[in-house]
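Have a look at the structure below before the remarks.
The values are calculated or read from the model by the stated rules, or taken from the named source; none is laboratory data. All values derive from a computational prediction rather than experimental measurement. Glycine also receives a Cβ, built like all others from the backbone with ideal geometry; neighbour counts cover every protein chain displayed. What goes into the accessible areas is simple: the full protein's heavy atoms, side chains included, and nothing from ligands, DNA or RNA. Shrake-Rupley method; radii C 1.70, N 1.55, O 1.52, S 1.80 Å.
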Amino acid sequence: LKQIGIVASESSETSARIILAEGEEQKVKAEDLVRITNRNGNEIIGVLRQGLGFNENLRTGGYHPGVAYARMGGAPSTAKETYDFQVAVIGEIGARSVQQNKMIIAPGSLVEQYEDRDNPMEILAGREGQHWIGHYEGHPRWKIPVNPRYIPYHVGVFGSTGSGKSFLARYILLPLLMDAGYDVLVFDWKGRDYAPHYKENVMPLSDIALDDEVVVSYLTQKMRHFGYSTYARDSNPVVQQLGEFVAGGQWRELEPKEFRRSLEDEMIQGLNPKNVTSGRPAEEVQRFRRGFARLKEEHVRNILGRKKPEDIVKDARKTHIKVIDLSRASTDEKLSIFLTFANHLRDLTERNLDLSLALVIDEAPQYCPFDPKGSAKDTTEMIIDLCALGRTYKLCICLLSQGIAGEIGVNAAVRRNLNTQFVGSIHPLDMMEASNWLSPYAIDTRFLLTLPPGRFYFLGKMNPSPIPLLMTFEIEEA
Ligand SMILES: Nc1ncnc2c1ncn2[C@@H]1O[C@H](COP(=O)(O)OP(=O)(O)OP(=O)(O)O)[C@@H](O)[C@H]1O
Ligand SMILES: [Mg+2]
């Protein structure tokens, strides 16, 4: 520890400003951790934020000799210069842990800065810190303590594109979840962020046994909806016939080539049982044939998977992680695949099983947007349901999103369930929401706009500190 200044006037039990000793302004930075030896009797740990520089001679908005002198190009005097920082109080340092501070911090109390060798994270961890993530920004040795008890209270990761969310998930969250005894299912929307890094444990779309509904919608889409206009797409004789075929289920055992043959025979037989050669049935047969010509074997391969969600969850128990590569499916199919899994998990909870499972959902606004429509309505409701089950069944939902609130964000009802947050550099549209979360802790939202990739404020239940901490982590450069 190194003395850097003293507490200024107008301090309270939750915050204080500190006046830096001469020269310290060149060394002390925002987010540095300090210990205040409170003249009123206790010791307090806090974070420095929102620094201010002040020079009596250089006050703007009026005419003083100092300003006049500076305007003439003279070197400003530093005689009346001071620097101060706000301290966001983390708490009182107790024998075993940090607890809420209730004493007024006395003006004039001594302030010392924690140096690299001190490691104040151990003070924060207290007895609970069996798990550690990343490190405090600027101090690679200060690993940040995590309280794993709150994992099933769900996690939200927010940051604009390129802020490092997927990296955070890969380097920090997945290992943490697995260490804490959770098996992890990752839904990889683009198939780029996770699948290439877990090659052994990737479940491609083509291996997954899809629900009948998903199969029908996939096939119709590949067959260009048989040329029907938008409003007739879902209910027309050809789609109905396709539904019958899929519901029959025999196709699940076939090879792609046989599948195509069987589909062709049964559809034509079904659409035109009497082999009429003119009029309506013939039109539908034609529509089918035109669509069918577009259906390639590689498309068929995608729907012939045999692995049911229950098998995949069982596999995840052995390998502790499974990445579901959704890249080849359309948005609706991705959501249906997610629902298929979620349904299965909900069934498991009905059988009263402890799940110890985490679902990591990147690109969360696709699943639970601000104003859900169509299939997203079902997935949003499902996510809310699963969140509610979390505590009882040890199920963790971990959502990653570019936006926090509003049109770019996550549905408000879902967001309320995420009790631990990581907030990286945000989009200016999210200033309001981020400010609701962070300005009570003296974090300037403009500081948040300029965070470099891979820096996140860690706040909420899992953080033993009641004040958000700025964390980061090392990555292997490609
Ligand atoms: N801890 C880190 N230190 C340094 N650079 C990092 C760190 N984490 C991430 N980055 C850099 O940031 C880039 C973007 O990361 P990432 O793909 O995780 O962003 P993202 O937030 O998931 O973006 P998107 O919303 O577009 O998916 C990475 O390519 C990496 O180079
Ligand atoms: Mg990403």
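Residue under question is P464, and the condition is that it be open to solvent by 10 Å² or more (accessible area, probe 1.4 Å), touching a residue at least 40 places away in the same chain (Cβ under 8 Å), within 16 Å of ligand 2 (Cβ to nearest atom) and not hydroxyl-bearing (S, T, Y); does it hold?
no
Checking F288 against (1) part of a helix (DSSP H, G or I); (2) closer than 30 Å to I384 by Cβ: exactly one of these is not met. Which one?
(2)
Does L438 fit the bill of being assigned to a helix (DSSP H, G or I), surrounded by fewer than 24 Cβ atoms within 10 Å (Cβ to Cβ), within 16 Å of ligand 1 (Cβ to nearest atom) and over 16 Å from the mean Cα position of the chain (by Cα)?
No.
Has segment 379-386 got at least one residue that is within 16 Å of ligand 2 (Cβ to nearest atom) and within 24 Å of I303 (Cβ to Cβ)?
Looking for residues that are within 16 Å of ligand 2 (Cβ to nearest atom) and within 24 Å of I303 (Cβ to Cβ), one finds none in segment 379-386, hence no.
Among I151, I172, which is the only one that is open to solvent by less than 40 Å² (accessible area, probe 1.4 Å), within 16 Å of ligand 2 (Cβ to nearest atom), in contact (Cβ under 8 Å) with a residue 40 or more places away in the chain and under 19 Å from Q421 (Cβ atoms)?
I172 is the lone residue from the list that is open to solvent by less than 40 Å² (accessible area, probe 1.4 Å), within 16 Å of ligand 2 (Cβ to nearest atom), in contact (Cβ under 8 Å) with a residue 40 or more places away in the chain and under 19 Å from Q421 (Cβ atoms).
So which residues in segment 94-127 are over 29 Å from the mean Cα position of the chain (by Cα), closer than 17 Å to D32 by Cα and open to solvent by less than 40 Å² (accessible area, probe 1.4 Å), if there are any at all?
Once the filter is applied, which keeps residues that are over 29 Å from the mean Cα position of the chain (by Cα), closer than 17 Å to D32 by Cα and open to solvent by less than 40 Å² (accessible area, probe 1.4 Å), segment 94-127 yields V111, E112, Q113, Y114.
Considering only segment 281-295, how many residues are within 14 Å of E264 (Cα to Cα) and free of Cβ contacts under 8 Å to residues at least 60 places away in the same chain?
Matching residues across segment 281-295 total 5.
Can you tell me which residue among D193, D207, D188 is away from ligand 2 (no atom under 16 Å from the Cβ) and of a type in the set (D, E, K, R)?
Answer to the check: D207.
Checking the conditions here, which among D183, D179 is away from ligand 2 (no atom under 16 Å from the Cβ), touching a His at 6+ places or on another chain (Cβ under 8 Å), in contact (Cβ under 8 Å) with a residue 24 or more places away in the chain and more than 22 Å from T340 (Cα to Cα)?
D179
Taking segment 231-277 only, how many residues are surrounded by 14 or more Cβ atoms within 10 Å (Cβ to Cβ) and in a loop (DSSP other than H, G, I, E, B)?
4
Sort through R346, R294 and tell me the only one that's open to solvent by 80 Å² or more (accessible area, probe 1.4 Å) and basic (K, R).
Exactly one residue qualifies, and that residue is R294.
Is it the case, given these coordinates, that G73 is out of contact with any helix residue (DSSP H, G or I) (no Cβ under 9 Å at 6 or more places or on another chain), free of Cβ contacts under 8 Å to residues at least 12 places away in the same chain and of a type outside the set (F, W, Y)?
Here the answer is yes, as G73 does meet what is asked.
Filter segment 178-205 for residues that are more than 16 Å from ligand 1 (Cβ to nearest atom), surrounded by fewer than 17 Cβ atoms within 10 Å (Cβ to Cβ) and part of a helix (DSSP H, G or I) and give the result.
Those that are more than 16 Å from ligand 1 (Cβ to nearest atom), surrounded by fewer than 17 Cβ atoms within 10 Å (Cβ to Cβ) and part of a helix (DSSP H, G or I): M178, D179, K199, E200.
Taking S166 and the conditions (1) within 16 Å of ligand 1 (Cβ to nearest atom); (2) closer than 30 Å to Y393 by Cα; (3) touching a strand residue (DSSP E or B) at 6+ places or on another chain (Cβ under 6 Å), which numbered condition does it fall short on, given that it satisfies the others?
Result: S166 passes all but (3).
Does at least one position in segment 306-313 carry a residue that is free of Cβ contacts under 8 Å to residues at least 40 places away in the same chain and over 28 Å from G191 (Cβ atoms)?
No: zero hits.
L353 versus (1) open to solvent by less than 50 Å² (accessible area, probe 1.4 Å); (2) part of a loop (DSSP other than H, G, I, E, B): which is the lone unmet condition?
Of the numbered conditions (1) open to solvent by less than 50 Å² (accessible area, probe 1.4 Å); (2) part of a loop (DSSP other than H, G, I, E, B), the odd one out for L353 is (1).
For segment 326-343, give me the residue count where each residue is open to solvent by 30 Å² or more (accessible area, probe 1.4 Å) and within 18 Å of the chain's Cα centre (by Cα).
0
What is the one condition in (1) over 24 Å from the mean Cα position of the chain (by Cα); (2) in a helix (DSSP H, G or I); (3) on the phi < 0 side of the Ramachandran plot that L174 does not satisfy?
(1)
Any residue at all in segment 209-230 that is within 16 Å of ligand 1 (Cβ to nearest atom), of a type in the set (F, W, Y) and either surrounded by fewer than 17 Cβ atoms within 10 Å (Cβ to Cβ) or not in a loop (DSSP other than H, G, I, E, B) (or both)?
No, every residue in segment 209-230 fails to be within 16 Å of ligand 1 (Cβ to nearest atom), of a type in the set (F, W, Y) and either surrounded by fewer than 17 Cβ atoms within 10 Å (Cβ to Cβ) or not in a loop (DSSP other than H, G, I, E, B) (or both).
Does segment 363-418 hold any residues that are part of a helix (DSSP H, G or I), among the small types (G, A, S), touching a residue at least 40 places away in the same chain (Cβ under 8 Å) and open to solvent by 40 Å² or more (accessible area, probe 1.4 Å), and which are they?
Hit for segment 363-418 is A412, nothing else.
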